[in-house]
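Reading through the structure tokens given below for one structure.
The values are calculated or read from the model by the stated rules, or taken from the named source; none is laboratory data. Note that the structure is predicted; figures quoted are calculated from it, not measured. Reconstructed Cβ throughout: ideal geometry from the backbone, glycine too, with neighbour counts over all protein chains shown.
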Amino acid sequence: MPQNKKVAIVILNWNGAGLLEEFLPSVIRNSPGENIRIIVADNGSSDHSVEFLRTNFPSVEILVLNQNYGFAEGYNQALKQVEADYFVLLNSDVEVTANWIGPCINLMEANPAIAAVQPKILSYRQRDYFEYAGAAGGFIDFMGYPFCRGRLLNVVEKDDGQYNQSSPVFWATGACMFARADVFREAGGFDGDFWAHMEEIDLCWRLKNRGYEVWYEPRSTVYHLGGGTLSYDSPQKVYLNFRNNLWMLQKNLPKGYIFPMLLIRLLLDGVAAFKFLAGFSFSSFFAVLKAHFSFYRSLGKFRRKRESLLGNVVVSGHREIYRSGLMWKFFILGKKKFSDLDFKGM
């Protein structure tokens, strides 16, 4: 890694003193170098996180935000106060390994078109399996449903070295994202309205529309606990994922695609809602309804956001978007692995 490049590892914390105690030592141990800063941005915690950091990790810089801004705006607020060439956005429940920084920075240094990179994300609990949030790099299908190499919906693959090649992807996970600081700012950072979930996919889509690339670098490996703030079956997570996915489509789809796509998604989300209902998951059923009502109320605001972004679009077709339907392949045809999808774009 070039010695003159400043790297800021920024961990956004909210009431996570226990996670910091468990995971921060690996970050300190495996991130040596005078140009590498480790910063914890406290997002309005009500526990003893800040006091704990000051007492136990005096080498770590602390930024104290005045309230809980959520994941997306919390990072925006924190990164405004950080000067660096590269940001590393790292969840507080991630264990990093030796030499996890160099490969990702070197990849971006070798190709100025690369704006963001993610490492290989493995499970902290099952260390030979990929982790749900990011796995071996993210993609979406033509209807906006996200998936990863190594994870289709809720099916996670074992890591047998099948994804050990550096390659472009559609999105890099916010659990561990390396980003060029100037490009992050140029693109406007995360969309703070998202609060949490899919804000990194939205950002990567905007970056790719601007002509930048997003990559996966398996020579860097981290282990993610996952579900540290919201469990994967949380109704709040269901609400945020459904709402934010619709917002993301409205902002970033090419001209002529929005209206027909939203009609299709209305039907498919309805199917998903009634599937929750049939499984007696009433809170998730109402979370989907709530997500749609929130989306409809915000149509005007997000139409204006879309119009403000159109002037920056230089590329609208992306090879990393799967041209078939993930839900059809997964539920009807029984395709449970990335390699089963016959992804022609890769």
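Key figures
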| quantity | calculated |
| --- | --- |
| Residue check for residue 288: among the hydrophobic types (A, V, I, L, M, F, W, C), more than 18 Å from residue 202 (Cβ to Cβ) and surrounded by fewer than 16 Cβ atoms within 10 Å (Cβ to Cβ) | no |
| Hits in the range 8-44 - residues which are buried (at least 18 other Cβ atoms within 10 Å of the Cβ) and charged (D, E, K, R) | 37, 42 |
| Residue selected from the range 126-165 under the condition small (Gly, Ala, Ser) and farther than 16 Å from residue 319 by Cβ, by the criterion surrounded by the fewest Cβ atoms within 10 Å (Cβ to Cβ) | 161 |
| Among residues of the range 26-52, those that are farther than 22 Å from residue 1 by Cα and of a type outside the set (Ser, Thr, Tyr), counted | 10 |
| All positions within the range 92-147 that are touching an Asp or Glu at 6+ places or on another chain (Cβ under 7 Å) and either without any contact (Cβ under 8 Å) to a residue 60 or more places away in the chain or aliphatic (A, V, I, L, M) (or both) | 107, 113, 114, 115, 117, 121, 122, 128, 129, 130 |
| Residue within the range 48-70 that is over 22 Å from the mean Cα position of the chain (by Cα), among the small types (Gly, Ala, Ser) and at positive phi present | no |
| Residue count, the range 301-346 (criterion: within 26 Å of residue 272 (Cβ to Cβ) and outside any loop (DSSP other than H, G, I, E, B)) | 18 |
| Residues of the range 166-181 satisfying the condition of being surrounded by fewer than 17 Cβ atoms within 10 Å (Cβ to Cβ) and closer than 15 Å to residue 78 by Cα | none |
| Near pairs, Cβ below 9 angstrom, 6+ apart or cross-chain, from the range 314-337 (without any contact (Cβ under 8 Å) to a residue 12 or more places away in the chain) to any residue that is outside any loop (DSSP other than H, G, I, E, B) | 333/340; 334/340 |
| Number of the exception - residue 245 against (1) outside the structural domain of residue 159 (by TED's automatic domain parsing); (2) at pLDDT 95 or above; (3) out of contact with any strand residue (DSSP E or B) (no Cβ under 9 Å at 6 or more places or on another chain) | (3) |
| Count of residues meeting criterion [without any contact (Cβ under 8 Å) to a residue 60 or more places away in the chain and among the aromatic types (Phe, Trp, Tyr)] in the range 31-75 | 2 |
| Residue within the range 279-298 that is among the basic types (Lys, Arg) and either touching an Asp or Glu at 6+ places or on another chain (Cβ under 7 Å) or closer than 17 Å to residue 326 by Cβ (or both) present | no |
| The lone exception for residue 185 - which of (1) surrounded by fewer than 20 Cβ atoms within 10 Å (Cβ to Cβ); (2) over 14 Å from the mean Cα position of the chain (by Cα); (3) outside any helix (DSSP H, G or I); (4) not polar (S, T, N, Q) it fails | (3) |
| Qualifying residue in the range 250-269 (condition: small (Gly, Ala, Ser), without any contact (Cβ under 8 Å) to a residue 60 or more places away in the chain and surrounded by fewer than 19 Cβ atoms within 10 Å (Cβ to Cβ)) | yes |
